[in-house]
Amino acid sequence: MAETGKNNILLEVQGLSKKFIIDNSLISWFKKEPPEQIQALDKLNFRVERGETLGVLGESGSGKSTLARVLMGIYKADSGEAKLGGSDIFQAYSDGQMARLQMLRRLQMIFQDPYGSLDPRMTVRQIVAEPLKIHGLYGSESEQLMVKTLAEVGLSADCLERYPAEFSGGQRQRIGICRAMVLNPELIIADEAVSALDVSVQAQILELLCHLRSERRLSMIFISHDVAVVRQISDRIILLYRGNLVEELPADCLLRDAAHPYTADLLASARFLREGAEAAGEVPQAKKEANPDGCCYQRVCKKVHERCRERPPVVELHPGHQVWCWMHHSK
Amino acid sequence: MLKIEDFSLTLKGSDNRALPVLEHISIELANGSCLGVAGESGSGKSVLAMSIAGLIPHRSIIKKTGGIHFNGENLAEFSESQLNKIRGKQIGFVFQEPMTAMNPLMTLFDQVSEVIYAHHKGIGKAEVNAQVRNALVAAGFSDPEKFCDSYPHQLSGGMRQRAMIAIGLALKPDLVIADEPTTAIDAALQVQLLRELRQNLSDGRRSMIFISHDLGVLRAISDQLAILYAGNLVEIGTASELLHKPFHPYTRDLIGALPRLVPEKILPHPIAGNLPMPDRKPVGCVYSDRCNRCRPECLENRPKLRQAGINRLVSCYFPVNQEQADG
């Protein structure tokens, strides 16, 4: 790993796994069948540096939302470790309410749906004040802090007395960002934060997130299925396929140097949808089955090989560019 | 095949306010081609789609003018029973959200066969089975029998979307109206569905109106592309040329707001301001309050659609990308 400073690492995740049991019904219990399981996250290793935006790119079922929820303590991880600035996140979540709250103060989330993630019966003041109250930080200076944070996300102070229904989708997303920012967290997790917005509004929110990153030196995990959005907002990108890391690379290299067959296929689809590029051949589509042993992409991979039945090794192609694929092993 | 002529629609808002949601829309659609309709939420693109199929409830309409001519008949003047005869059979509709458009208490088979029974009274069971099967296969179900008895909640998002397409295309309608049929679907599956929808047009007799906010998807599927803004048609032309060289400033800004899929880091440019409410549109050009080329003329009269180049209409006094062409 590059030596650019251990101190610079904000979040370090190692061996993170999460399994869901799907069919837990009585029928399978009577039949004595083992319940069907989905490996939502399979031994993920990654890190987020301070001031960096890490893009998490994956399609539905890749485990990207599970990743966000596990880090936020909404789901409990099966195994693995996550350290935020040296302190163990999962330990904090299991150490009782006080420790949990202390951790969540440093970690905040922006949600996908600007309509569903704000309580329609609360005013903006109540929505933005809620995290401060939960964390026992609400006091005489809070008013000023709230107005300042609102201004930072591009809303004026007279919004405070209004209800979410009075705002447009983009403005609601700004309120959601304001709610996450008001605690001044170290890391923001944005799960499809711009996917539900119109392009012109999407561009506004992306601009805002970039502005916050440079002003506050904000670190962010930006989760999305949209290749172009992730490419433009991230510094580094990790790609997930059915719970597995398949590639990690600097965002600037994504379109030029992507090495994993899955990344190549994803880019081909994205190019077709963005530019009408006819280059896209037959794009493979995964079936809803349990992951095979070995490489997670072997069922649809065009370059599948005998060796792919074994779990692929991680190959470092360049500093900061890693791929989990046998194809690059010998090189 | 379809000719929309100077169509305007005013709907009833809350407090009985009059909301002019569509204003003077004129579009022609030829056989065998696909018309893309682009616009942001609130631009009126779904209302336009629903108006063509007569799906806007009469009680919410304040005023409707102009005509929608389909195979020589004016749909805008059709009664409900007349519409019922052509909806599903001659005009198929693929709705936006399969989870709300499908009946949760009906199996996939029942939902697809419903439209067949509605138009063929007394049809035999074997015939229906065959038609449902064909419709599902055409929509990309590889083994339809396996899913015929499934309820919508048992299908994945992609399969529900395919089911919607199967219902819309079951009777091989002359015109398919697809309202955001591929939003919220994985890229790989989107590519497949777009190909299948495009395939449906290949015999040259059928046509499609494809509505989306996603310019990339529209470029991939449509021949002609219409850009709607605040209920007005601001530009229409050949899809690839229009996106390559937009004339209307709004089209240009919309393209600029799209995140670019390029090796370089180029943040998209947001469009300042918001879409005006239907009852508070500027008197002049609808885009005048957000446009950087706005001059006094733009504030006084609303520009009409006019010819600008080959196969291109634009409603702007000072279009972009034109100076060079004019000399």
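Per-residue answers, yes or no, for (1) more than 18 Å from the chain's Cα centre (by Cα); (2) closer than 26 Å to B:HIS213 by Cβ; (3) at pLDDT 90 or above:
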{"site": "B:GLY54", "(1), (2), (3)": "no, yes, yes"}
{"site": "B:SER60", "(1), (2), (3)": "yes, yes, yes"}
{"site": "B:GLY67", "(1), (2), (3)": "no, no, yes"}
{"site": "B:SER81", "(1), (2), (3)": "yes, no, yes"}
{"site": "B:THR107", "(1), (2), (3)": "yes, no, yes"}
{"site": "B:ASP110", "(1), (2), (3)": "yes, no, yes"}
{"site": "B:VAL115", "(1), (2), (3)": "yes, no, yes"}
{"site": "B:HIS120", "(1), (2), (3)": "yes, no, yes"}
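B:LEU35: in a strand (DSSP E or B) and closer than 20 Å to B:ARG87 by Cα, yes or no?
Criteria met by B:LEU35.
With respect to B:ILE271, is the statement that it is part of a loop (DSSP other than H, G, I, E, B), within 13 Å of chain A (Cβ to nearest Cβ) and surrounded by fewer than 22 Cβ atoms within 10 Å (Cβ to Cβ) true?
Taking the combined requirement at face value, the residue does not satisfy it.
Quick one: what pairs do we get from region B:19-43, first residue more than 16 Å from B:ASN71 (Cβ to Cβ), second of a type in the set (Ser, Thr, Tyr) and in a loop (DSSP other than H, G, I, E, B), C-beta under 6 Å, 6+ apart or different chains?
Pairs that qualify, where the first residue is more than 16 Å from B:ASN71 (Cβ to Cβ) and the partner is of a type in the set (Ser, Thr, Tyr) and in a loop (DSSP other than H, G, I, E, B), are B:CYS34/B:SER222; B:GLY36/B:SER222.
Mind listing just one residue for me: the one in region A:54-66 that is over 21 Å from A:ASP293 (Cα atoms) and touching a helix residue (DSSP H, G or I) at 6+ places or on another chain (Cβ under 6 Å) and, of those, surrounded by the fewest Cβ atoms within 10 Å (Cβ to Cβ)?
The qualifying residue surrounded by the fewest Cβ atoms within 10 Å (Cβ to Cβ) is A:GLY55.
Could you tell me which numbered condition B:MET106 fails, if it satisfies all but one of (1) surrounded by fewer than 17 Cβ atoms within 10 Å (Cβ to Cβ); (2) touching a residue at least 60 places away in the same chain (Cβ under 8 Å); (3) not in a strand (DSSP E or B)?
Unmet condition: (2).
Does region B:311-318 include one or more residues that are free of Cβ contacts under 8 Å to residues at least 12 places away in the same chain and either surrounded by fewer than 16 Cβ atoms within 10 Å (Cβ to Cβ) or of a type outside the set (Val, Ile, Thr) (or both)?
Looking for residues that are free of Cβ contacts under 8 Å to residues at least 12 places away in the same chain and either surrounded by fewer than 16 Cβ atoms within 10 Å (Cβ to Cβ) or of a type outside the set (Val, Ile, Thr) (or both), one finds none in region B:311-318, hence no.
Which one of these does B:ASP279 not meet: (1) crowded, with 18+ Cβ neighbours inside 10 Å; (2) in contact with a strand residue (DSSP E or B) (Cβ under 9 Å, 6 or more places away or on another chain)?
All conditions pass for B:ASP279, except number (1).
Considering region B:236-259 alone, what residues qualify as being under 21 Å from B:SER41 (Cα atoms) and basic (Lys, Arg)?
Matches in region B:236-259: B:ARG252 only.
With respect to A:MET122, determine if the residue is touching a residue at least 24 places away in the same chain (Cβ under 8 Å), surrounded by fewer than 17 Cβ atoms within 10 Å (Cβ to Cβ) and more than 18 Å from the chain's Cα centre (by Cα).
The answer is yes for A:MET122.
Name the residue that is farthest from A:ALA68 (Cα to Cα), counting only residues in region A:133-178 that are part of a loop (DSSP other than H, G, I, E, B) and of a type in the set (Ser, Thr, Tyr).
A:SER140
Given the conditions (1) within 14 Å of chain A (Cβ to nearest Cβ); (2) surrounded by 14 or more Cβ atoms within 10 Å (Cβ to Cβ), report the number of the one that B:VAL286 does not fulfil.
That leaves (1) as the condition not met.
So, in region B:42-95, of the ones that are among the β-branched types (Val, Ile, Thr) and out of contact with any Asp or Glu (no Cβ under 8 Å at 6 or more places or on another chain), which residue ends up surrounded by the most Cβ atoms within 10 Å (Cβ to Cβ)?
Taking region B:42-95 and keeping what is among the β-branched types (Val, Ile, Thr), we get B:47, B:52, B:56, B:61-62, B:65, B:68, B:86, B:91, B:94.
Remaining after also requiring out of contact with any Asp or Glu (no Cβ under 8 Å at 6 or more places or on another chain): B:47, B:52, B:56, B:61-62, B:86.
On the way: B:VAL47: 20, B:ILE52: 23, B:ILE56: 16, B:ILE61: 14, B:ILE62: 14, B:ILE86: 20.
This residue is B:ILE52.
From A:ALA270, A:ALA264, grab the single residue that is among the aliphatic types (A, V, I, L, M) and surrounded by fewer than 21 Cβ atoms within 10 Å (Cβ to Cβ).
A:ALA264 is the lone residue from the list that is among the aliphatic types (A, V, I, L, M) and surrounded by fewer than 21 Cβ atoms within 10 Å (Cβ to Cβ).
Can you name every residue in region B:182-200 that is in contact with a Gly (Cβ under 8 Å, 6 or more places away or on another chain) and either facing chain A (nearest Cβ under 9 Å) or modelled with pLDDT of 85 or more (or both)?
B:ALA184, B:ILE185, B:ASP186, B:LEU189, B:GLN192
Quick one: in region B:274-283, of everything that is assigned to a loop (DSSP other than H, G, I, E, B) and more than 8 Å from chain A (Cβ to nearest Cβ), which residue is farthest from B:ALA187 (Cα to Cα)? Spell out the reasoning first.
Narrowing region B:274-283 to residues assigned to a loop (DSSP other than H, G, I, E, B): B:274-277, B:281-283.
From the residues that got through so far, the ones that are more than 8 Å from chain A (Cβ to nearest Cβ) too are B:275-277, B:281-283.
On the way: B:LEU275: 28, B:PRO276: 32, B:MET277: 33, B:LYS281: 36, B:PRO282: 38, B:VAL283: 41 Å.
Applying the filter and picking the extreme gives B:VAL283.
Collect the residues in region B:115-162 that are in contact with a Phe, Trp or Tyr (Cβ under 8 Å, 6 or more places away or on another chain), touching a residue at least 12 places away in the same chain (Cβ under 8 Å) and surrounded by 12 or more Cβ atoms within 10 Å (Cβ to Cβ), keeping them in residue-number order.
Within region B:115-162, B:VAL128, B:VAL132, B:LEU136, B:PHE141, B:PHE147, B:CYS148, B:LEU155, B:MET159, B:ARG162 qualify.
Looking at B:ARG306, B:ARG302, B:ARG219, B:ARG295, which is the one that is within 14 Å of chain A (Cβ to nearest Cβ) and among the charged types (D, E, K, R)?
On inspection, the qualifying residue turns out to be B:ARG219.
The values are calculated or read from the model by the stated rules, or taken from the named source; none is laboratory data. Please read all numbers here as calculations on a predicted model, not as lab measurements. Quick reminder, even Gly has a Cβ in these numbers, built from the backbone with ideal geometry, and neighbours come from all protein chains shown.
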